[in-house]
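Participant: Sharing a structure below in structure tokens format, with a few things to ask.
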Amino acid sequence: MRAFLVHQGALYHSECDGSRPHRTAVTELVRGIWRLFPGQALSLLRNRIFVDRPLSPVCEGMIKVAAKRFEVVGPEEWDSRFTSFTGDRNLVTLPAISTLTHTREPPSGAIEELLADLKLKSDGFPRVSSVLLDPEGKVLLASWSMTASDRTAHAEVNLVEAWFTLHSQSVPSGSSLHVSLRPCAMCAAQILALTGIPSGLRVVFHEEDPGPASKNSCLVPGSDLWKKAGSPDWRAWPAVTQDE
Ligand SMILES: [Zn+2]
């Protein structure tokens, strides 16, 4: 998959071979911009993002949260469209840089306490935390949001990135992911990438999100992104439950 956007004298582009389920050309482009140009990211990402195929839930969730507009350009039109924008612009290639920051293996403890503890370290933004447990309830990984310098650095995105940096496969079947707040559209699609089979992961959120970010995520049965999320098997996934 390929993606680009044009801003003033430069064309920012990315490619992705699809070898990691949580990464697409769109995530490489958007996250790469936040990592490398945090001061200009907001104005850069106001520009239309051109992509060479229809958006997956991972792409669409990322655009909903961290960018603005997109246009799908068919593969037959791609080269001429790309060339028409190139001109004498600088070409900037963006890989999203993998990082293990904002994640750790915490000591075991009650999930509520772990989530609360991870929420405390504040960078001035409301903090969200998440904890991944194996089928026996052992903590595999924990993460928190750090959105001051990277709008895409939500707790779940950080956790998924860390998981696939440390492991080359899905989380063990029967794992559960606890999140302090209902996942937004971007994070929901990233969470889906964590598991290879529909029943492989239980997602539990501990607080309802009063804002619009999570309303139409692929974890909300019946939403457009849920319908797009893949096979009927995926759509039958019990998706997400609220902690009682
Ligand atoms: Zn999120």
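Participant: Going by how many other Cβ atoms sit within 10 Å of their own, how do His167, His154, His22 line up, fewest first?
Facilitator: If I rank by nearby Cβ atoms, fewest first, I get His167, His22, His154.
Participant: Enter the angle in degrees (range 0 to 90, nearest 10) between the Cα long axis of helix 185-194 and the first principal axis of the Cα atoms of the chain, meaning the one along which they spread out most.
Facilitator: 70
Participant: To the nearest 20 debye, what is the magnitude of the charge dipole of the stretch 1-127 about its Cα centre, counting +1 on the Cβ of each Lys and Arg and -1 on the Cβ of each Asp and Glu?
Facilitator: The calculation lands at about 340 debye.
Participant: If we count other beta carbons within 10 Å of each Cβ, what is the order of Arg151, Arg69, Arg20, Arg182, fewest first?
Facilitator: Fewest-to-most Cβ neighbours within 10 Å comes out as Arg69, Arg20, Arg151, Arg182.
Participant: Scale the Cα Rg of the stretch 2-106 by the rule-of-thumb value 2.2 N^0.38 Å and send over the ratio, two decimals.
Facilitator: Output field value: 1.07.
Participant: Please state the equivalent ellipsoid semi-axes for the chain: what are the square roots of 5 times the Cα gyration tensor eigenvalues, largest first, in whole Å?
Facilitator: 31, 20, 15
Participant: Give me the net charge for the shell around Arg81: Cβ to Cβ below 13 angstrom, other residues only, Lys and Arg +1, Asp and Glu -1.
Facilitator: -3
Participant: Using Cα positions and a limit of under 23 Å, work out the lysines in reach of Lys64, with same-chain residues fewer than 8 apart set aside.
Facilitator: List returned: Lys215, Lys227, Lys228.
Participant: Taking every DSSP beta bridge that has both residues in the stretch 2-93, what percent is antiparallel when rounded to the nearest 5?
Facilitator: Taking every DSSP beta bridge with both residues in the stretch 2-93, the antiparallel ones total about 55 percent.
Participant: Output ³J(HN,Hα) for the stretch 130-144: one whole-Hz value per residue in order, computed from phi by the Karplus curve 6.51 cos²θ - 1.76 cosθ + 1.60 with θ = phi - 60°, and x for Gly and Pro.
Facilitator: Result, rounded to whole Hz: 9, 9, 9, 10, 7, x, 8, x, 7, 6, 8, 6, 9, 8, 9.
Participant: Roughly what angle does helix 111-120 make with the longest principal axis of the chain, taking Cα atoms, 0 to 90 degrees, to the nearest 10?
Facilitator: 50
Participant: Oh, and also: Of the beta bridges DSSP finds with both residues in the stretch 103-242, what % are antiparallel, to the nearest 5?
Facilitator: So the antiparallel bridges amount to about 60 percent of the total.
Participant: Can you give the angle from 0 to 90° between the axis of helix 57-66 and the longest principal axis of the chain, with both taken from C-alpha atoms, to the nearest 10?
Facilitator: 80
Participant: Same structure, new question: Which ordering of Lys64, Lys138 is given by a fewest-first count of other beta-carbon atoms within 10 Å?
Facilitator: Going from least to most buried by this count: Lys138, Lys64.
Participant: Something else now. Tally Lys/Arg at +1 and Asp/Glu at -1 over every other residue whose Cβ is under 10 Å from the Cβ of Leu177; what's the total?
Facilitator: Once positives and negatives cancel, what remains is 0.
Participant: Related question: Take the alpha carbon atoms of the stretch 103-242, find their radius of gyration, then divide it by 2.2 N^0.38 Å using N residues; give the quotient.
Facilitator: Rounded to two decimals, the normalised Rg is 0.98.
The numbers here are math on the coordinates, done by the rules we state, and not lab data. Everything numeric here is computed off the predicted structure, so don't read it as measured data. Ideal geometry is used to build each Cβ from the backbone, glycine not excepted, and the neighbour counts take in all protein chains shown.
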